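Note sheet for the following structure.
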Amino acid sequence: MGHQHTDPFRLSHPDLEKLNWGLDRRDFLKKTAMGFGAIALNGLLASHQAQGQSLEQQIMSALPRIAPKAKRVVYLFMSGGPSQFETWDYKPELTKRMGQDLPDSIRKGQRLTGMSANQAILPVAASAYGFRQYGQSQTWVSDLLPYTAQVVDELCVIKSMFTEQINHDPAITFFQTGHQLPGRPSIGSWLSYGLGSENQNLPAFIVMVSKDASKDQPLYARLWGNGFLPSEHQGVQFRSSKDPVLFLSNPEGYDGKDRQEMLEYLKQLNQLQNESWGDPEVDARIAQYEMAFKMQTSVPEVMDVSDEPQEVFDLYGPNSRDKGSFAANCLLARKLLEKDVRFVQLYHQGWDHHDSLPKNIVNQCKQTDQATAALIMDLKRRGMLEDTLVIWGGEFGRTVYSQGKLSPTGYGRDHHPKCFSMWMAGAGVKAGTTFGQTDDFSYNIVKDPVHVHDFQATLLHLMGIDHEQLVYKYQGRRFRLTDVHGKLVKGILA
Amino acid sequence: MIDLLGHFHPFLVHFPIGILVLACVMIWLQAIRKTETQSSISILLLLGTIAAILAAISGFLLSNSGEYEKGDGLAHQWWGIGTSICAIILYFFQAYQKIISLVLLIAIAITGHLGGELTYGSNYLFASKKTNSPVKKLSLSTIDTIQQKVELDTAIEVVRMKGNNPFEQEVLPILKSHCFQCHSSKKQKGKLRLDTKTFIKKGGKEGLILHAGNPLKSHLYSYLILPEDDDLHMPPEGKKQLNSRQIDIIKRWIEMGAPFGESEAESLHATVKSLHAMPLPLPIKPASDEALLEAKKQGISISPYPSSNGGLSLNFVNIKRLDPKVWQATSALQKQVLQIKLSKRQDIQVEDLLNFKNLQQLNLEQSNVQDADLEHLGQLPHLSQLNLYGTGISDQGIKAIVAMKALKVLYIWQSKLSQEGLQRLKTARPDVSIVEGKFQFSPPDTNRLKAIK
């Protein structure tokens, strides 16, 4: 008699997998019955796309749902690392210490980047801009953000973010995918994979990059890539050019009349292929063709802002008529969210202020401040803020000391991973609050640190997903957005 | 020493089974083929009988070693003894050997089966078959029929704690049948006893085994789910194992905060905790799979409604036309639906909504609803959030809105409501938060925008 089990699933008991950072099919099924997932599963089974969904995905969609507070997310990614000193983390003490060397008791021997490690002194630089308290919450906001200041009662400002990465590429990759090395799926892809698309005519994950930002640090498509997830979950980039989505419109000279028929045949061929190979990417391919076909009508419609009244453009600010600007993208984001797109990610580059920070950051804030605040108010008056999560933040913070010479008119700030600020607003977060605290130099966190993985876990939670359960097995290892880390930041949940 | 002999039982049992079965087969071969092999048969029977007796003795010792519950293996024991006797008879009575050999075969089969159940748990023989089948179905590359989906779901067990003392009612029986033999007054393997609350709370030689609320941290649970060949797997390899349901019960109990259920305070604490950790006792009967599928087939997006348990939110974005067929498909969900989203639709007939008596939230923004429709909506007793922005609602509708008793939030931005009307509404219903959407930024104070030098 060999090795027999009472229960044939004994060896793959769900929590064993969990201990191994994973979860198996059996568990999903179980949770399905206990939780709510059956719904999503049903959806996938019944929708016309059923054939396009891989088995894993169908079951994946049966994830247990923590009653989701947020139905959609718009993530305003401030690429480059906005300084917390000139935005959200008010440090009045610094004025007194202006120009003094950063005390060792604060730096605690922290390794610096090659850009400032060799400086003879690390002169403390106070913010060149003032702060004032706003709203009922009396939150301190920089004078550079006069518009966001007016909606501050909607925000939950987290001052105690920290990351493990000190350089742009690994840091932004870490934020977007939970890992510093490229190759893992982006947050939006995980959500698309876990929850599917609510609107069958638009992708679940859409990306827009501001054209009006200074491109100091590059962005790459892999930041919104699907990694090892089936490729229909990659973020689809919408551009401001004539073709918002590349290669979507019919080629010149083709009227597209028999497109659907053609796709139907193609699908049959693909299915034949799938039967003999069983490659999930074939499913992905079929799904993508279908989505692309639907997008031929849905995208031009959603990109068309001609119906929007002047009042709306006034709200989003002077740049909002300029296609591709951050302001215009915010307006489009609202339109996409109205169409139930699950995850809209905007990128605005240009926050990497190693020198002349006071001068450069003004423009950065000008480009983004009003439209950001407008987006919040616009969602609010439409009744959408209650189930839409808005996120603002970069990949790390900046140093309290000046990189390079500190002069009365100028200073720069180097990368600082140990603390920085970001905010969330809308669905499920405590409006009008501040979370976490840094020391007088905004160099170390003194209260309620929030790691990038914690942030990601919380984001998933708000969307109704337990971050420990959103797992994909790839090359023999089980992967999660939060890797083997991440804890829910309960303090910011409403 | 005696224990050691007992431990040989699982090894020894294979001999009588093998040898005696062979002997029986040869008896029948000899009868059918008319060949003469009686001398070999006799040798086999002798050896087999000795082996059977040894197996029985070692089995008896094992049953006394305390690793098994008294009485657990009684049937196995008597069948084992019977098998040995049968073998002896067969050895001595060649005349009836054909008949006796059949009896012996049956006895061997029954004894073996009973023994197997002792080690691997009851019903292991059939259980594997049953639970396997849906998974086989699953491994088809896609599941595309409702049939399969339903089958798949029925294969899923739901574990819910019953009664108000889950420890005594559900957990203790499991520990008793699977753990007491090594962790109780009889034996304290790993310096651990599991037979009373005090001992469970005390833990074993490695310290605490129970962290209320955190199953994965609790050895009481985590050891159960280690791979069976892990040294720390409990119950140890080869012992009667817990099935997944039993494991789940222990897990849920720990998640609930591991209430032992004596003091009231404790049970209250446990309920409060369980409210967070587990699905709430459903105030709403969950929708059936068939009902969900039916609605999904029409293209309706369904998701759980926030802060409810069992409540649903329906979104009609993917629906081309709101024809009767669509509403028909949701008829079995009427109790569960708490939110309906019909944004921007121009084909709404509010009568269709009145069947959803539990509706709490209605999104009718930018739709064709009119003042007259609001009166109908007044028939929804729980409607607390109503989005009417961008609709033709005017002052004529105020009366109906004021009459909506449960209303808490109202969006009316860009409706046809006049200023006076709005004012009237506000005075009549100060408890409703009305989102007018009139929002304008005050221009920034440019003086402050200059850097402080």
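The values are calculated or read from the model by the stated rules, or taken from the named source; none is laboratory data. None of these values were measured; they are calculated from a predicted model. FYI the Cβ positions are ideal-geometry reconstructions off the backbone, even for glycines, and counts take in every protein chain you see.
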Region A:465-485, subset under 16 Å from the mean Cα position of the chain (by Cα) and assigned to a loop (DSSP other than H, G, I, E, B), residue farthest from the other protein chains (Cβ to nearest Cβ): A:LEU481
Filtered residue count, region B:318-344, keeping only those that are under 19 Å from B:GLU290 (Cβ atoms) and either without any contact (Cβ under 8 Å) to a residue 12 or more places away in the chain or surrounded by 15 or more Cβ atoms within 10 Å (Cβ to Cβ) (or both): 11
Residues being crowded, with 24+ Cβ neighbours inside 10 Å and under 15 Å from the mean Cα position of the chain (by Cα) - total across region A:423-451: 4
Cross-chain or 6+ apart pairs with Cβ under 7 Å, region A:244-267 first and surrounded by 12 or more Cβ atoms within 10 Å (Cβ to Cβ), then modelled with pLDDT of 85 or more and assigned to a loop (DSSP other than H, G, I, E, B): A:PRO244/A:PHE238; A:VAL245/A:PHE238
Test set (1) without any contact (Cβ under 8 Å) to a residue 24 or more places away in the chain; (2) surrounded by fewer than 16 Cβ atoms within 10 Å (Cβ to Cβ); (3) within 11 Å of another protein chain (Cβ to nearest Cβ); (4) not basic (Lys, Arg) - B:VAL409 fails condition number: (1)
Single condition A:SER192 does not satisfy, out of (1) in contact with a Leu (Cβ under 9 Å, 6 or more places away or on another chain); (2) farther than 29 Å from A:VAL299 by Cβ: (2)
Criterion: more than 20 Å from B:LYS285 (Cβ to Cβ) and assigned to a loop (DSSP other than H, G, I, E, B) - qualifying residue of B:LEU407, B:LEU374: B:LEU407
Tally, over region A:434-453, of residues that are outside any strand (DSSP E or B), in contact with a Ser or Thr (Cβ under 8 Å, 6 or more places away or on another chain) and either free of Cβ contacts under 8 Å to residues at least 24 places away in the same chain or charged (D, E, K, R) (or both): 1
Failed item in (1) at pLDDT 90 or above; (2) part of a helix (DSSP H, G or I); (3) within 11 Å of chain A (Cβ to nearest Cβ), with B:LEU314 passing the rest: (2)
Residue satisfying all of: in region B:198-242; out of contact with any Gly (no Cβ under 7 Å at 6 or more places or on another chain) and polar (S, T, N, Q); nearest to the other protein chains (Cβ to nearest Cβ) among these: B:SER222
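Among the residues of region B:234-254, what is the count of those that are touching a Phe, Trp or Tyr at 6+ places or on another chain (Cβ under 8 Å) and surrounded by fewer than 19 Cβ atoms within 10 Å (Cβ to Cβ)? Please lay out each step first, then the result.
First, pick out the residues of region B:234-254 that are touching a Phe, Trp or Tyr at 6+ places or on another chain (Cβ under 8 Å): B:234, B:240-241, B:244, B:247, B:250-251, B:253-254.
If we keep only those that are surrounded by fewer than 19 Cβ atoms within 10 Å (Cβ to Cβ) too, we end up with none.
Of the residues in that region, 0 qualify.
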Evaluation of B:PHE199 against (1) in a helix (DSSP H, G or I); (2) surrounded by fewer than 22 Cβ atoms within 10 Å (Cβ to Cβ); (3) of a type in the set (A, V, I, L, M, F, W, C); (4) touching a helix residue (DSSP H, G or I) at 6+ places or on another chain (Cβ under 9 Å) (one fails), failing number: (4)
Hey, B:LEU353 among the hydrophobic types (A, V, I, L, M, F, W, C) and buried (at least 18 other Cβ atoms within 10 Å of the Cβ) or not: yes
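Report whether or not B:ILE319 is at pLDDT below 90, out of contact with any strand residue (DSSP E or B) (no Cβ under 7 Å at 6 or more places or on another chain) and within 14 Å of another protein chain (Cβ to nearest Cβ).
no
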Test result for A:GLN217, touching a helix residue (DSSP H, G or I) at 6+ places or on another chain (Cβ under 9 Å), surrounded by fewer than 22 Cβ atoms within 10 Å (Cβ to Cβ) and either at negative phi or free of Cβ contacts under 8 Å to residues at least 60 places away in the same chain (or both): yes
Residue in region A:114-126 that is crowded, with 16+ Cβ neighbours inside 10 Å, outside any helix (DSSP H, G or I), within 9 Å of another protein chain (Cβ to nearest Cβ) and at pLDDT 50 or above present: yes
